[in-house]
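These notes are about the structure you will find just below.
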Amino acid sequence: MSKVLPLHKRLFWRTSSGRLTAVAAVAGLPAYQVALWPDGWDLGTDGSVLVRDTHVMAEARRWYDLARRNGSRGNLSPVLAMHGLLIPPAILDLARRRFPSEGVASVAVTLVAADWVKQRRAQLLRTAEAALAERACAWTGSRHWEGMKAEALACLVQDALHWCLMEDLIPRAEYGVRIRCDDGWGLCRHRVCVAVALKTGARTRVAEILSLALIPWNRVAGNEAGPQPMIHVEVAGRT
């Protein structure tokens, strides 16, 4: 007759087994995925690998650019690590590059940043389960595009409002859209000003839904005031 393990021992066994499985999965990741974790690549049907320019990469690039403009010669690594932006410039330079295969992509990242890739894998191995969960939940629409104009953003907001109305996510009403640009800190932030004849609670809900709809085109940038979204939505009343 087989012995039934106590509940706490069964839970420990399952947890340990899950951790070992996660560690094995991370250990087997190709180098390019380690370097671009969690969502910095697109794997094509032909086996090619496109390095995506994500919001995190764009923000890391901005820190390096600011340091160069300010003539800083200090080590940026501690600051970038604190903000989760510790990515070598050589990896950032691969953004939007396409490699013919996963093997070639892995060789490329190893050639330009072998030590960093090794450290990055060790970091992922320490928190293997959390890393895999992050990858499973990664917002794969977080692609960064430079130079969005106010006119293009206004059209994007109008389209977002249209689809939100179609899905009955926001009340049916007449929405006015105006875009304000705030240029500072080496960045151009956009303020989306929406005017609609709704009560305060409904306007707050519209702002929340529209902000969520704009996530793929938005990102957060840091300054002395703390992390701030590049696209900020405000919904005000109108008569």
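The values are calculated or read from the model by the stated rules, or taken from the named source; none is laboratory data. Because the structure is predicted, anything quoted here is derived from the model rather than measured. For neighbour counting, all protein chains shown are included, and Cβ atoms are generated from backbone atoms with ideal geometry for every residue, glycine included.
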- Message: Could you go through the range 60-75 and let me know if any residue there is modelled with pLDDT of 85 or more and touching a strand residue (DSSP E or B) at 6+ places or on another chain (Cβ under 9 Å).
- Response: no
Within the range 196-230, of all residues that are modelled with pLDDT under 80 and part of a strand (DSSP E or B), the one nearest to the chain's Cα centre (by Cα) is VAL220
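Only one of VAL49, VAL79, VAL23 is in contact with a Ser or Thr (Cβ under 8 Å, 6 or more places away or on another chain), outside the structural domain of ARG219 (by TED's automatic domain parsing) and of a type in the set (A, V, I, L, M). Can you tell me which? Give the derivation first.
Values: VAL79 fails: in contact with a Ser or Thr (Cβ under 8 Å, 6 or more places away or on another chain); VAL23 fails: in contact with a Ser or Thr (Cβ under 8 Å, 6 or more places away or on another chain).
Going through VAL49, VAL79, VAL23 in turn, the sole match is VAL49.
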